[in-house]
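These notes are about the structure you will find just below.
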Amino acid sequence: MMAKFKNQNGSTIIELLISLMVVGLVVTAIAVASTYSIKNTGEARFRQVASTLAQEVLEKSRNEKTRLGFASFSNAVGSNTYCFNTIPNTFAPLMPAPANCGPGDIVSLAGAEFTREVIFVTTASVVVTVEVNVSWSDSGNLRNVQLIQEFYPANQSF
């Protein structure tokens, strides 16, 4: 009976090191995957917020086109660049002075600072193009979401 126990050996140091390496590789892979997932979730949240901020301007532009009529709307916005850290209640006569966004023109949401620059281009009173650029800094990289909408007179046929 004693001879049976003598033939059984415990784990060798090599087997122990190999098993520790396998466990270490698995834990490292899980840590890398979860870090990547968290980074992507944060970036997706910022993109969603930026898209919402851009969509607000397009919705307000649509509303103002309906409220003012196309001719008055195209005159109110002209062909200018505006910085909308807040959206004016009405475009005419309350539009901010035309200007690019400066350092203080930010919208703070979701743990980030966004700038919302809007470019209106009126082409011969036939079409108004609204280009909304919302940008933010993510880990030192400048990110941007851009939405473009064209507005035509109500009686325009295509």
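The values are calculated or read from the model by the stated rules, or taken from the named source; none is laboratory data. This structure is a prediction, so every number in the text was calculated from the model and none was measured. Cβ placement follows ideal geometry from the backbone for every residue including glycine, while neighbour counts extend to all protein chains displayed.
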| Among the numbered criteria (1) out of contact with any helix residue (DSSP H, G or I) (no Cβ under 8 Å at 6 or more places or on another chain); (2) within 26 Å of LEU142 (Cβ to Cβ), which single criterion is violated by PHE84? | (1)
| remark: Of (1) surrounded by fewer than 16 Cβ atoms within 10 Å (Cβ to Cβ); (2) within 15 Å of the chain's Cα centre (by Cα); (3) acidic (Asp, Glu), GLU150 fails just (2)
| request: Would you confirm whether any residue within the range 33-46 is surrounded by 11 or more Cβ atoms within 10 Å (Cβ to Cβ) and at pLDDT 85 or above? | output: yes
| Going by the structure shown, is GLY10 modelled with pLDDT of 90 or more, of a type outside the set (Phe, Trp, Tyr) and either farther than 20 Å from SER135 by Cα or outside any helix (DSSP H, G or I) (or both)? | no
| task | Among the residues of the range 102-142, write down those that are over 23 Å from ASN80 (Cα atoms) and either outside any strand (DSSP E or B) or at pLDDT 85 or above (or both). | result | SER108, ALA110, GLY111, ALA112, GLU113, SER137, SER139, GLY140, ASN141, LEU142
| field | Which listed residue is touching a residue at least 60 places away in the same chain (Cβ under 8 Å) and either of a type outside the set (Lys, Arg) or touching a strand residue (DSSP E or B) at 6+ places or on another chain (Cβ under 6 Å) (or both), from VAL128, VAL121, VAL77 | value | VAL128
| said: For the structure I just gave you, tell me whether PRO153 is free of Cβ contacts under 8 Å to residues at least 60 places away in the same chain, more than 16 Å from ALA54 (Cα to Cα) and either out of contact with any strand residue (DSSP E or B) (no Cβ under 8 Å at 6 or more places or on another chain) or not in a strand (DSSP E or B) (or both). | reply: no
| remark: Checked the range 81-101 for anything surrounded by 15 or more Cβ atoms within 10 Å (Cβ to Cβ) and either part of a strand (DSSP E or B) or among the aliphatic types (A, V, I, L, M) (or both); matches are THR81, TYR82, CYS83, ILE87, MET95
| query | Quick check: anything in the range 44-67 touching a residue at least 24 places away in the same chain (Cβ under 8 Å) and hydroxyl-bearing (Ser, Thr, Tyr)? | reply | yes
| Residue identified as closer than 30 Å to ASN40 by Cα, in contact with a strand residue (DSSP E or B) (Cβ under 9 Å, 6 or more places away or on another chain), surrounded by 18 or more Cβ atoms within 10 Å (Cβ to Cβ) and of a type in the set (Phe, Trp, Tyr) among PHE114, PHE70 | PHE114
| query | Condition test on LEU94, is it without any contact (Cβ under 8 Å) to a residue 60 or more places away in the chain, closer than 25 Å to GLU43 by Cβ and not aromatic (Phe, Trp, Tyr)? | reply | no
